[in-house]
Amino acid sequence: MGLIPGPKRQRHPAGDDVNGDSIPDALHGIVRNHVASFDYFIEHGLAEVVERLTPVAIQTPGTTAASGRLHVWFEEVRVGRPAREGDGGVRARDPRVFPRECREASITYKAPMTATVCWSVGEEGDVHRSEFRICMFPAMVRSSACHLAGATRTELVGRGEEAHEMGGYFILNGNEKIIRLLIQQRRHYIMAMKRGAYSSRGPTYTQFATAIRCVAPDEHSSSVRVHYLSDGSARVAIVFRRQEYFIPAGLIIRALAQVSDREVQDAVSSGVPGPGGKHFASERITIVLEEVAALGIRTQTQALSYLGEHFRAQLEADPWETNVEVGERLLTEFIFVHLTADGDKFNLLVLMLQKLYALVTGQCAPDNPDSNMHHEILLPGLLLQTFVREKLMDALGKGKEAVLRECDERPQNANLSDPEWMSRVLTGAITKMDLGKLVEYFLATGNLATKTGLGLSQTTGFSIVADKLNFMRYLSHFRSVHRGAYFA
């Protein structure tokens, strides 16, 4: 009986410098999604967020004209690298902070986040700037915000790390924490849904709907659904601060485009397949338009004004904003946020109605939400980006409240034209919120403290401890994908 041959020696892939001083590409690939997404967040994502944040406006006391309004906005937000602060004013010889020190001292590995806040009175007033440190922001190990980025094996060992240290995690109070990869609905794809739960939305709601998840360039998302009602009409569903709002589909159509009833009928009915599909769609879209006409709405301006009037409280509109402006803001912030032109949004809504009518008539099969083709993965950096976006919006709101409070409580000291006074009030309110502590709480507990929900179906279970019971289990934390607490 011959010897049983052993397993063949596997050749290492190209680029794996096994005997050299660099970490093999295979190990880098395991954590690449984590590190690359965090790098994108601090190098590009923050700039996208700041560029698209809406400035807050404050009416200066004693004025009513637009020329007396104070506008406040962020010009830049950036994350540096971890550094220690000198004790007693003495500058440290090496100000850099490395992960090993944080593990041994049971502290958080974090870097300074600085911001430039700007303000001006009126549209043509002088722009004043104030640069300050918002907080200390947790830094991912071996990301571009870490001093170990690009380090060789020799350099890693010299800093007290393992020779094959890959990074991809955060150090919170000495513990290594990982943000889990989470499944989300595929972006920018219309899904035909048939769910019994939809029938419970109202007395005439049916089980049929089409849904789309839209993602803006700054990665914040907003989902839109179109529900079919048993009386032939349709409702557009949006989510604002975890509460659903149902709007007549004809009202959104009127608000998006100044088109005639005939143009809307032709646009919708021409895309519904099957025998009788065009006639079915034409009858239903007539009901949709007649429902809005019964409200006395026949023009785009009337539709925008109607929307603005009913959503002023939810959007916290300023007194000087007209109903039309509030309605336009509703469409911009919640209806197909990945599109900028109202004409494109109108065409997408028409397409959702076409697929909805095809689903109702049996010409379209319901999409399977469990299919891989309808999934995408929420990466750690993109999750942090959407979270930081919401908190920066809150920070601007805190700054506005602080200015108004100072003007009400201490009017003799308030001077909006004094850059030093404005800088002190704004920076004090923004830094008091301490964005870094909010992110630390999120990483340490896995609980997402958010008012809007960020378009996610859960608020807990986002982070885990990167335990090292064995190396294969440790690697699995970076590669495993969590389906979500809804299914757990």
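Selection of first residues in region 50-69 that are on the phi < 0 side of the Ramachandran plot and polar (S, T, N, Q) and of second residues that are modelled with pLDDT of 70 or more and in a helix (DSSP H, G or I), restricted to Cβ pairs under 6 Å at least 6 apart or on distinct chains, gives the following pairs, ordered by first then second residue: THR60/GLY68. Say we look at region 325-366 and pick out the residues that are of a type in the set (Phe, Trp, Tyr) and over 23 Å from the mean Cα position of the chain (by Cα); which of these is nearest to ALA209 (Cα to Cα)? Going through the qualifying residues, I end up with TYR357. Tell me which residues, restricted to region 439-452, are crowded, with 16+ Cβ neighbours inside 10 Å and part of a helix (DSSP H, G or I). VAL439, GLU440, PHE442, LEU443, ALA444 - these are the residues of region 439-452 that are crowded, with 16+ Cβ neighbours inside 10 Å and part of a helix (DSSP H, G or I).
For every residue, the table says whether it meets (1) among the aromatic types (Phe, Trp, Tyr); (2) in contact with a Cys (Cβ under 6 Å, 6 or more places away or on another chain); (3) assigned to a helix (DSSP H, G or I).
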site: ALA358; (1), (2), (3): no, yes, yes
site: ASP367; (1), (2), (3): no, no, no
site: LEU384; (1), (2), (3): no, no, yes
site: LYS437; (1), (2), (3): no, no, yes
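Which is closer than 21 Å to SER221 by Cβ, of a type outside the set (Ser, Thr, Tyr) and surrounded by fewer than 19 Cβ atoms within 10 Å (Cβ to Cβ), of LEU330, LEU339, LEU349, LEU295? Before the answer, list the steps.
Values: LEU330 fails: surrounded by fewer than 19 Cβ atoms within 10 Å (Cβ to Cβ); LEU349 fails: surrounded by fewer than 19 Cβ atoms within 10 Å (Cβ to Cβ); LEU295 fails: closer than 21 Å to SER221 by Cβ.
On inspection, the qualifying residue turns out to be LEU339.
Of the numbered criteria (1) of a type outside the set (A, V, I, L, M); (2) over 22 Å from the mean Cα position of the chain (by Cα); (3) assigned to a helix (DSSP H, G or I); (4) surrounded by 14 or more Cβ atoms within 10 Å (Cβ to Cβ), the one GLY399 fails is (2).
Residues in region 401-424 that are under 24 Å from THR116 (Cβ atoms), modelled with pLDDT under 85 and among the polar types (S, T, N, Q): ASN415, SER417.
Select from region 359-383 the residues that are modelled with pLDDT of 95 or more and in contact with a Gly (Cβ under 8 Å, 6 or more places away or on another chain) and write down the one among them that is surrounded by the most Cβ atoms within 10 Å (Cβ to Cβ). Looking at the filtered set, the residue picked out is GLY381. Per the conditions (1) surrounded by fewer than 14 Cβ atoms within 10 Å (Cβ to Cβ); (2) in contact with a Lys or Arg (Cβ under 9 Å, 6 or more places away or on another chain); (3) closer than 19 Å to LEU351 by Cα, the sole criterion not satisfied by SER260 is (2). Tally up the residues in region 267-282 that are touching a helix residue (DSSP H, G or I) at 6+ places or on another chain (Cβ under 9 Å) and either without any contact (Cβ under 8 Å) to a residue 24 or more places away in the chain or assigned to a helix (DSSP H, G or I) (or both), please. Total meeting the criteria: 10.
The values are calculated or read from the model by the stated rules, or taken from the named source; none is laboratory data. Keep in mind the model is a prediction, meaning the values are calculated, not measured. As a convention, Cβ positions derive from the backbone with ideal geometry for all residues, glycine included, and neighbour counts pool all protein chains shown.
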